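Q: Quick one: structure below, then a few questions.
The values are calculated or read from the model by the stated rules, or taken from the named source; none is laboratory data. This is a predicted model, so every value here is computed, not measured. Neighbour counts are summed over all protein chains in view; Cβ atoms, including those assigned to glycine, are modelled from backbone coordinates with ideal geometry.
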């Protein structure tokens, strides 16, 4: 999972500070690496490195990022992407100078790399699917122009739309993308299933309309843009340097199947994704859980509902309100520790859990508490939290997950572990409960989760990708051989060895 942003500003302005501010807002989507590329009429400037946004971009770097167009990227650590050479955006000189930032995951990267070498005579420098996607898109632009003379003047909007259409035909998986074409404009496109989010904003400055593209709508509010709309699945949007915006659907068969885990965990609660408020979706998750608890735990005698901060907080609010049980903040979070779900390696995650949370003992002493979290993946964080509640004096510790059991790999950009490392894999509810040390455990029902995220009364036509819960992969073509291969890369032993 990553965060991407692209901005085209009015002539005579500098875009770098706006891109920087947008990346700060998207920092929750990745804390491993960051990068910015800017462009004026003739040149590009870039800075990318491992680290948080505030550490990668110092004053001396920002002064060198000149131009009215810019794209940026924040990366969270995925298998095989520890090198600063794989920090984005990526850049290629040919044709015209194209830079690209990508959120998602391609499932046929080896085939793309092989085709690039054999048919397009392009060799990439890393194993990154994002660099493969950049070169694929650039090769298709070259093919669209097809040797036409005239330099940059030869590049037309229809060339870009054709290139996106052909990219859709050759790329399999999830991809939300922003690109810069040096001295020409910005291009954004989303895969035909719309698996990863992509949002567009605008700002009127006299006769010029500035444009923003970002992973989440919250960036618009935070840096002074007006919210416009989501980019549709399969759609490409071109924003020229003169402010003209042109868009086109670039795939004949569109199926809107966004990833449900965006609403469960990744997205900020103040974002709206595909017309659905993340905040409202999480409240509804809690309300659905409350109904299940009322039906399955009669006479529960729960004294307090306590969330795991931060992603369990809103579901806990909805749950406590629906059950009429007091909501209490029992855990204090150290906000300078990254999100443990997206940290590489088992040892690093365990160390971070110990440092990340502390208890307010009076909220636990002598009480039956219901702890609410967004999900349970490996079970390490949940086990530690249950023990912390007991150490703080809780008489009984009940645990609720606002999502169903995770038992399948995610292949669309979330670096979940190998199946055997899921706490729920091959276990009954009672066995999972025993594994995390709780007195009682309840999961969200998948049908209830989807209903919470479709938003009764809200404008959504989405059928969600729920593959990590049900094993149904919306793009098709995800074979057992492919799943076995990525599981070997994603195993904690492999990550621990890579980070040693």
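Q: Taking residue 51 as the residue in question, decide whether it is surrounded by 19 or more Cβ atoms within 10 Å (Cβ to Cβ) and touching a strand residue (DSSP E or B) at 6+ places or on another chain (Cβ under 8 Å).
A: No.
Q: Still on this structure, please answer the following. So residue 278 passes all but one of these: (1) within 19 Å of the chain's Cα centre (by Cα); (2) over 18 Å from residue 197 (Cα atoms); (3) without any contact (Cβ under 8 Å) to a residue 24 or more places away in the chain. Which condition number does it fail?
A: Of the numbered conditions (1) within 19 Å of the chain's Cα centre (by Cα); (2) over 18 Å from residue 197 (Cα atoms); (3) without any contact (Cβ under 8 Å) to a residue 24 or more places away in the chain, the odd one out for residue 278 is (2).
Q: Still on this structure, please answer the following. Could you pull out the residue among 67, 22, 72 that is on the phi > 0 side of the Ramachandran plot and buried (at least 19 other Cβ atoms within 10 Å of the Cβ)?
A: The unique qualifying residue is 67.
Q: Within segment 3-17, which residues are assigned to a helix (DSSP H, G or I) and touching a helix residue (DSSP H, G or I) at 6+ places or on another chain (Cβ under 6 Å)?
A: 16
Q: Read through the list (1) in contact with a helix residue (DSSP H, G or I) (Cβ under 8 Å, 6 or more places away or on another chain); (2) more than 30 Å from residue 471 (Cβ to Cβ), then give the number of the only condition that residue 209 fails.
A: Single failed check for residue 209: (1).
Q: Would you check if residue 349 is in the same structural domain as residue 290 (by TED's automatic domain parsing), assigned to a helix (DSSP H, G or I), modelled with pLDDT under 90 and crowded, with 17+ Cβ neighbours inside 10 Å?
A: yes
Q: Please work out if residue 269 is assigned to a loop (DSSP other than H, G, I, E, B), without any contact (Cβ under 8 Å) to a residue 12 or more places away in the chain and surrounded by fewer than 24 Cβ atoms within 10 Å (Cβ to Cβ).
A: Spelling it out, it is not the case that residue 269 is assigned to a loop (DSSP other than H, G, I, E, B), without any contact (Cβ under 8 Å) to a residue 12 or more places away in the chain and surrounded by fewer than 24 Cβ atoms within 10 Å (Cβ to Cβ).
Q: Moving on to the next point. Among the numbered criteria (1) farther than 29 Å from residue 429 by Cβ; (2) modelled with pLDDT of 80 or more, which single criterion is violated by residue 463?
A: With respect to (1) farther than 29 Å from residue 429 by Cβ; (2) modelled with pLDDT of 80 or more, residue 463 is out only on (1).
Q: Condition check: under 16 Å from the mean Cα position of the chain (by Cα), outside the structural domain of residue 311 (by TED's automatic domain parsing) and at negative phi. Does residue 53 satisfy that?
A: No: the conditions fail for residue 53.
Q: Just to be sure before I move on: is residue 213 surrounded by 22 or more Cβ atoms within 10 Å (Cβ to Cβ) and assigned to a strand (DSSP E or B) in the structure I sent?
A: Yes.
Q: Please pick out the residue among 173, 194, 206, 201 that is in contact with a strand residue (DSSP E or B) (Cβ under 7 Å, 6 or more places away or on another chain), at positive phi and in contact (Cβ under 8 Å) with a residue 12 or more places away in the chain.
A: 173
Q: State all residues of segment 383-407 that are in a loop (DSSP other than H, G, I, E, B) and either touching a strand residue (DSSP E or B) at 6+ places or on another chain (Cβ under 7 Å) or crowded, with 20+ Cβ neighbours inside 10 Å (or both); if no residue qualifies, say none.
A: Within segment 383-407, 392, 394, 395, 402, 403, 404, 405, 406 qualify.
To keep it simple, each residue is scored yes or no on (1) out of contact with any helix residue (DSSP H, G or I) (no Cβ under 8 Å at 6 or more places or on another chain); (2) at pLDDT below 95.
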site	(1), (2)
56	yes, no
85	yes, yes
95	no, yes
98	no, no
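Q: Conditions first: (1) assigned to a loop (DSSP other than H, G, I, E, B); (2) surrounded by fewer than 20 Cβ atoms within 10 Å (Cβ to Cβ). Residue 85 passes all but one, so which condition is the exception?
A: (1)
Q: When segment 115-168 is examined, which residues are found to be part of a helix (DSSP H, G or I), out of contact with any helix residue (DSSP H, G or I) (no Cβ under 9 Å at 6 or more places or on another chain) and without any contact (Cβ under 8 Å) to a residue 12 or more places away in the chain?
A: 117, 118, 151, 153 - these are the residues of segment 115-168 that are part of a helix (DSSP H, G or I), out of contact with any helix residue (DSSP H, G or I) (no Cβ under 9 Å at 6 or more places or on another chain) and without any contact (Cβ under 8 Å) to a residue 12 or more places away in the chain.
Q: Same structure, new question: Any idea which residue in segment 352-382 is modelled with the lowest pLDDT, counting only those that are touching a strand residue (DSSP E or B) at 6+ places or on another chain (Cβ under 7 Å) and assigned to a helix (DSSP H, G or I)?
A: In this case the residue turns out to be 356.
Q: If you don't mind, another one. Do we find a residue being outside any strand (DSSP E or B), without any contact (Cβ under 8 Å) to a residue 40 or more places away in the chain, on the phi < 0 side of the Ramachandran plot and in the same structural domain as residue 218 (by TED's automatic domain parsing) anywhere in segment 88-104?
A: Yes, because at least one residue in segment 88-104 is outside any strand (DSSP E or B), without any contact (Cβ under 8 Å) to a residue 40 or more places away in the chain, on the phi < 0 side of the Ramachandran plot and in the same structural domain as residue 218 (by TED's automatic domain parsing).
This table checks each residue for (1) surrounded by 20 or more Cβ atoms within 10 Å (Cβ to Cβ); (2) out of contact with any strand residue (DSSP E or B) (no Cβ under 8 Å at 6 or more places or on another chain).
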{"position": "275", "(1), (2)": "no, no"}
{"position": "278", "(1), (2)": "yes, no"}
{"position": "291", "(1), (2)": "no, yes"}
{"position": "305", "(1), (2)": "yes, no"}
{"position": "312", "(1), (2)": "yes, no"}
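Here's the yes/no breakdown for (1) within 23 Å of residue 286 (Cβ to Cβ); (2) crowded, with 19+ Cβ neighbours inside 10 Å; (3) modelled with pLDDT under 95; (4) in contact with a helix residue (DSSP H, G or I) (Cβ under 9 Å, 6 or more places away or on another chain):
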| position | (1), (2), (3), (4) |
| --- | --- |
| 413 | no, yes, yes, no |
| 417 | no, yes, yes, yes |
| 427 | no, no, no, yes |
| 446 | yes, no, no, yes |
| 458 | yes, no, yes, yes |
| 475 | no, yes, yes, no |
| 478 | no, yes, yes, yes |
